[in-house]
Ligand SMILES: Nc1ncnc2c1ncn2[C@@H]1O[C@H](COP(=O)(O)OP(=O)(O)OP(=O)(O)O)[C@@H](O)[C@H]1O
Ligand SMILES: [Mg+2]
């Protein structure tokens with residue numbers, strides 16, 4: 001596209017003017033045990049910095065949740081949707097790989113496991129967009145965003161989950177940056193707090209923020225959470241994780257968050273028998289308890 005060279009005066013503002021539109025940072029409880037305490041802000045008391053826990057992921061953040069297959073990404077995304085909906089908020093769940101009936105069954109299962117008292121609240125408050133069944137939504141991002149804008153207005157949606165964004169650029173990974181940028185800008189414009197699930201290829205380093213499409217996703221979003229699973233294969237692993245050879249250990253790490261402070265340690269992560277993700281102690285804490 002050829003542009004005429006002219007100044008865009010609307011793009012200029014003083015910091016003071018922009019600040020009036022800046023939202024105050026608040027935490028959004030996620031329904032994932034052990035996660036909400038890992039984000040914080042810093043306040044100054046008598047000139048000294050004091051950590052103030054956020055009690056959730058930062059509101060209006062776009063969080064990228066990445067990991068290889070079977071690491072618990074969908075479970076976490078579902079828990080988040082159920083938690084918000086059970087507290088009366090409208091949540092849009094954009095399903096890209098699994099069709100709406102299967103996702104709704106999974107969400108119901110998650111709600112039961114989480115002990116949601118009035119299950120009917122989630123029936124009302126979770127709005128599913130089925131991009132798995134409607135190819136056009138998957139292949140043509142403007143259609144997806146128009147559909148989402150309609151749903152946001154209609155249902156007063158505040159939270160968006162996309163499982164997964166990788167499915168939106170599956171056969172065209174070189175488009176990842178452009179697709180993710182469009183989705184990210186949309187969430188900002190509509191003041192949504194969002195979880196974008198993204199898939200890592202098995203060749204990627206387990207705990208790095210790299211996902212299919214390269215580092216594009218992590219660079220664009222506000223926050224990246226990495227999930228991994230590791231088998232105990234050697235004596236070294238045994239002593240590192242305090243588990244016998246052949247066992248599986250699940251790992252969790254917040255790779256970065258530009259909106260607030262956060263824990264940077266690698267934690268053990270559990271998937272309970274009921275199918276709920278819980279964040280456990282740091283590896284250092286785990287080793288100390290096993291001594
Ligand atoms: N209802 C359940 N009860 C117990 N464990 C479950 C349940 N559902 C899933 N799991 C376990 O959690 C693991 C992770 O599941 P999940 O669907 O969240 O993975 P994922 O990271 O989204 O994988 P993918 O990239 O393939 O979509 C499963 O492999 C399974 O071991
Ligand atoms: Mg999944």
Label-point separation, residue 33 to residue 154 (7 Å along Cα→Cβ), nm
3.7 nm
Show me the ranking of peptides 186-197, 217-228 by mean Cβ neighbours inside 10 Å, starting with the highest.
217-228, 186-197
If contacts are Cα pairs under 8 angstrom and at least 6 residues apart, what is the relative contact order of segment 3-108 in percent?
22 percent
Separation in nanometres of the label points that stand 7 Å from Cα toward Cβ, at residue 14 and residue 118
4.8 nm
Modelled FRET efficiency - R0 41 Å, residue 182 with residue 284, Cβ distances, 0.05 increments
0.55
Using C-alpha positions alone, give me the convex hull volume of segment 156-291 per residue in cubic angstrom.
140 Å³
Quick one: angle between helix 73-86 and the longest Cα principal axis of the chain, in degrees between 0 and 90, rounded to 10, please.
60 degrees
Would you mind getting me the FRET efficiency between residue 24 and residue 135? Use the beta-carbon distance for r and R0 = 30 Å, nearest 0.05.
0.15
Highest mean first, what order results for 119-127, 87-95 on Cβ atoms within 10 Å?
87-95, 119-127
Taking R0 as 30 Å, what FRET efficiency do you get between residue 208 and residue 100 from their Cβ-Cβ distance, rounded to the nearest 0.05?
0.35
Taking Rh as the Kirkwood radius computed over C-alpha pairs, what is the Stokes-Einstein D of the chain at 4 °C in a medium of viscosity 1.567 mPa s, expressed in µm² per second?
64 µm²/s
Given q = 0.13, 0.16 Å⁻¹, what are the Debye log10 I(q)/I(0) values for segment 64-168, with equal point scatterers placed on the Cα positions and solvent ignored?
-0.44, -0.67
Contour minus Cα-Cα distance for residue 173 and residue 258 (0.36 nm per residue):
28.1 nm
Quick one: helix 141-155 against the long Cα principal axis of the chain, what's the angle to the nearest 10°, folded into 0 to 90?
90 degrees
Quickly rank 150-157, 60-67 as a protection proxy: mean count of other C-beta atoms within 10 Å, highest first.
60-67, 150-157
Computed [θ] at 222 nm, deg cm²/dmol, the chain (DSSP H ≥ 4; -39,500 (n - 2.57); rounded to nearest 500)
-9500 deg cm²/dmol
Using label points projected 7 Å from each Cα along Cα→Cβ, tell me how many nm separate residue 146 and residue 274, to one decimal.
4.3 nm
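Computed from the coordinates by the stated procedures, all read-outs in this text should not be read as laboratory data. Since the model is a prediction, treat every value here as computed from it, not as a measurement. Heads up, the Cβs are rebuilt from the backbone with ideal geometry, glycines too, and the neighbour counts pull from every protein chain shown.
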